[in-house]
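**Student:** Take this structure first; my questions come after.
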Amino acid sequence: MKIKNSIHINPHYFKESSWDQRFEIMEDLFQEGQFSILWSKLQTFQEADLPQARRPRYYFYILSCAVYGIGDLLKAKHLNRQLNFRFHPTMRYRLSLRLKDFVTANRLRHSHVFNENERADFCHTLGLHCLAKGKFKFGFHFYQERYKAINTPKSLMSPLKYHYLTSDSKLDSNIIVLEQGMGEVLISLLHIKSSGNHEKSTFCGMAKYSRMVKRYFPNATYLTRLKISEFENKEGILAVDFLKRSWEQKHTLSIEVPLDQPIRTRHSKPKIGICWRGGAGQNRREERHIPLKYFLEFLPNENDYIVLQYDTTEEEKQLLEKHPNIQIPLVDLTNDALVTFDIIRELAGVISVAGANWHLAGSANIPFLAIMHEHSHWLWGKNSDANSVYPSATTIRKIDLSFDVVNRWAFTAISMWHSRSVEACISSHKACERPIFITGLPSKALSQTMKKFVENGLWINNKAKNLSSENEIYGSEIIRKRLVFNILNKLGVSEEGHTFPAASDQIPPFPWLRFQIEKALHEEGYDRNTRWGYQDFRLVLLWPLLARAYPNATWIIVRQDIQKVGLELLEKPAYTKQSTSYEYWSMYLRVFNDRLLSLKNSQEEIVELSNEDLSSTYIRTLLR
């Protein structure tokens, strides 16, 4: 949150502040959706004390709180009737409907002071109101008018015209615009997919949905921008309109076929995704939020968890660090929908307040415990049940949440995870998919081994080839500095690898790693025609991530004598600046060797060898 706790919980500070400071605090509270706290601040002064210039914003805050059922609703109703129609008409129309003040709503909607686009705002708002009341026929009818509304996300991309979706799919435009947030995009894709008529359509939307669409609509085209010359006067369908068609045909929004299925990889263990805060901006109100310190009390300690909260605060991160069974993903969950989707597909389940995580889990048939707040989204129907849309959902009212409920649900979800088949490793003969990873104890033997492989045809960056014999050869400086170092830093480990991250089965997922490695290799000129390699003792700490990204890799473990390596470390400034004690580094290497055992005992293709015994013939055999 932007707001400092000391500011909004200290009444004395607020009362002693200037009007500028007070309204700055209240604006922050409004922007963060903290309406109950905002209302408490509004009670600390009288309207008569306000400077005249401040009163419009004061009225706006009163009405905003009332929209969410907070504050003096009778006062808000009276105020709403008195104000000029030009004062935030869309929000006031929404309030009139919620307060059942249909006289004021009718006066607003039919006032002559509004143009066509402003009236479309009223239609869009009326549509949402009807949908929330379960009146889907009227709701979807009015909701369609959002394409020309002003106070809604600009979903219809220029220069497209709006295509009114009918019951006849043969009349559909072949251009679809993905609109609004991730949840709406996912549920729209599910209904579009089930229609079976748009496998080759053109999808338009934000870049973060591109890879998701390309995977599940492989014959489609995805665009983030439209050329006016190519799309002028063409019509586009707003994606959420496919929900209207589904309801008209089946009178349900239930998903029959998910986008994908759960998976279980070779090195994974059952983990549960967690999210305690939903929404964004003003929509992030208190009822969609469980304070983390309380949320954690509902979680059984014997389970492992992955954080799916995309905007974890520093304060929350500090709290999570006290729980070694809870990991924060190594990727930004907002950059690419497919990355988050692939993380969730490997989970045993998800426990979350309302938000995109419900749709991500439901789209992959992953069990999820849906913590339902009081004023729920219209998607979940009159009974506020996520199971009415996603069969893998179990809905629990927020006020009924308890440790026992979570524990019983988690036991079932984890049992189901254990019944999944382990994803088979599909053999590949493509050179680019069969890297050589060279690792072992931190010594010059690794670099020497790498040089011998390079001399016999292993691809590495040209700059690395030209390094002098005294230099370490890793194979790719981009991979080392941009990926390996960055991952270690996120795991709280120094770049030198002097400390150790969590055990191999506790390392959080990084499904984007292969994409990032391929991007790095491309930058360095790799042509994908020969096998490539990378050597680094740090791979011992991160091997599950590389194994997940490249299941057909060959792992070369260089056999070494611990005592000799210990003496070698005492000659390196990077180590001696921390300690000049042989005993110190001897213990470090023994811990390191134990980590190496987890790789040796894995199901990866492991080749143990000694650098001294390597022959060109043997290396060429390995590189075939």
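The values are calculated or read from the model by the stated rules, or taken from the named source; none is laboratory data. In this text the structure is predicted, and so the values were computed from the model without any measurement. Cβ atoms come from the backbone with ideal geometry, glycine included; neighbour counts cover every protein chain shown. Protein only, heavy atoms only, side chains kept; ligands, DNA and RNA dropped before computing areas. Shrake-Rupley method; radii C 1.70, N 1.55, O 1.52, S 1.80 Å.
**Student:** Out of residues 5 or more away from Gln327 or on other chains, whose amide H comes under 5 Å of its own, with H placed 1.01 Å from N in the peptide plane?
**Tutor:** The answer is Tyr305, Ile306, Val307.
**Student:** Keeping all protein chains in place, calculate the accessible area per residue for the range 243-337 (probe 1.4 angstrom), answer in Å².
**Tutor:** For the range 243-337, the solvent-accessible area averages 45 Å² per residue.
**Student:** Continuing with the same structure: Which FRET efficiency, nearest 0.05, do Glu16 and Glu423 yield, Cβ-Cβ r, R0 51 Å?
**Tutor:** 0.25
**Student:** Taking the Cα centroid of the range 250-325 and of the range 564-624, what is the distance between the two, rounded to the nearest whole Å?
**Tutor:** 38 Å
**Student:** What are the trypsin sites (Lys or Arg not before Pro) within the range 310-354 that DSSP puts in a loop, where the Cβ has at most 12 other Cβ atoms within 10 Å?
**Tutor:** Lys322
**Student:** Can I ask one more? Rolling a 1.4 angstrom probe over the protein heavy atoms, how many square angstrom per residue are accessible across the range 417-567?
**Tutor:** 44 Å²
**Student:** Continuing with this model, one more query. log10 I(q)/I(0), Debye, Cα-only the range 291-366, no solvent, q = 0.21, 0.23 Å⁻¹?
**Tutor:** -1.05, -1.25
**Student:** Now for a different question. Set the Förster radius R0 to 45 Å, insert the Cβ-Cβ distance between Glu230 and Asn383 as r into 1/(1 + (r/R0)^6), and round the FRET efficiency to 0.05.
**Tutor:** For R0 = 45 Å, the calculated efficiency reads 0.50.
**Student:** Run the paramagnetic zone check for Ser494: 7 angstrom along Cα to Cβ, then residues of the range 556-589 with backbone nitrogen under 18 Å.
**Tutor:** Backbone N within reach: 566-589.
**Student:** Now, a different point. Provide the per-residue ³J(HN,Hα) series for the range 517-530, in order, calculated from phi with Karplus coefficients 6.51, -1.76, 1.60 and θ = phi - 60°, each as a whole number of Hz, with x at glycine and proline positions.
**Tutor:** Each residue of the range 517-530 in turn: 5, 4, 5, 5, 5, 4, 4, 8, x, 5, 9, 6, 9, 10 Hz.
**Student:** Here's a follow-up. In degrees from 0 to 90, rounded to the nearest 10, what is the angle of the helix 73-82 Cα long axis to the longest principal axis of the chain?
**Tutor:** In the chain, helix 73-82 runs at an angle near 60 degrees to the longest axis.
**Student:** In Å², and per residue, what accessible area does the range 79-149 have when probed at 1.4 Å with the other protein chains present?
**Tutor:** Heavy-atom accessible area per residue stands at 50 Å².
**Student:** Oh, and also: Suppose R0 equals 56 Å; then what is the FRET efficiency for Arg624 and Asn174 from their Cβ-Cβ distance, rounded to the nearest 0.05?
**Tutor:** Once the sixth-power term is evaluated, E becomes 0.75.
**Student:** Let me ask something else about it. In the chain, carbon and sulfur make up what percent of the accessible area (probe 1.4 Å)?
**Tutor:** Its accessible area is 50 percent carbon and sulfur atoms.
**Student:** Using modelled backbone amide H atoms (1.01 Å from N, in-plane), which distant-in-sequence or interchain residues come within less than 5 Å of Val177's amide H?
**Tutor:** Answer set, sorted by chain and number: Cys204, Ile237, Leu238, Ala239.
**Student:** Follow-up. Please sort 582-589, 31-38 by packing, taking for each peptide the average over its residues of neighbouring beta carbons within 10 angstrom, highest first.
**Tutor:** 31-38, 582-589
**Student:** Here's a follow-up. Is the shape of the range 337-478 rounded, prolate or oblate, going by the alpha carbon gyration tensor and its root eigenvalues a ≥ b ≥ c, with a/c under 1.5 for rounded and a/b larger than b/c for prolate?
**Tutor:** Taking the square roots of the gyration eigenvalues as a ≥ b ≥ c, the range 337-478 is prolate.
**Student:** For semi-axes √(5λ) of the Cα gyration tensor in Å, pick the label among [x] 44, 35, 29; [y] 43, 32, 25; [z] 53, 30, 23 that corresponds to the value derived from the coordinates.
**Tutor:** Read-out from the structure maps to [z].
**Student:** Continuing with this model, one more query. In sequence order, what are the phi-derived ³J(HN,Hα) couplings for the range 33-44 according to the Karplus relation 6.51 cos²θ - 1.76 cosθ + 1.60 with θ = phi - 60°, rounded to whole Hz, with x for glycine and proline?
**Tutor:** Per residue, the Karplus-derived 3J(HN,Hα) values read x, 8, 6, 5, 5, 4, 5, 4, 5, 5, 7, 7 Hz.
**Student:** For the range 37-110 and the range 474-551, what is the separation of their C-alpha centers, rounded to whole Å?
**Tutor:** If you average the Cα positions of each part, the centres end up 55 Å apart.
**Student:** Oh, and also: Convert each backbone phi in the range 95-111 into a coupling constant with the Karplus relation 6.51 cos²θ - 1.76 cosθ + 1.60 (shift: θ = phi - 60°), then list the ³J(HN,Hα) values in order as whole Hz, x for Gly and Pro.
**Tutor:** After applying 6.51 cos²θ - 1.76 cosθ + 1.60, I find 5, 4, 5, 5, 8, 6, 8, 6, 5, 5, 4, 5, 5, 5, 5, 9, 5 Hz.
**Student:** For the range 252-398, just say rounded, prolate or oblate: build the C-alpha gyration tensor, square-root its eigenvalues into a ≥ b ≥ c, call rounded for a/c under 1.5, and beyond that prolate if a/b exceeds b/c, oblate if not.
**Tutor:** In terms of gyration-tensor shape, oblate.
**Student:** What residues have an amide H closer than 5 Å to that of Tyr222, excluding those fewer than 5 places away on the same chain, when H is modeled at 1.01 Å from N in the peptide plane?
**Tutor:** Amide H neighbours of Tyr222: Phe203.
**Student:** Sticking with this one: Check the straight Cα-Cα distances from Lys322 and name the aspartates and glutamates below 14 Å, setting aside those fewer than 8 residues away within the same chain.
**Tutor:** Those aspartates and glutamates meeting the cut-off are Glu297, Asp304, Glu314.
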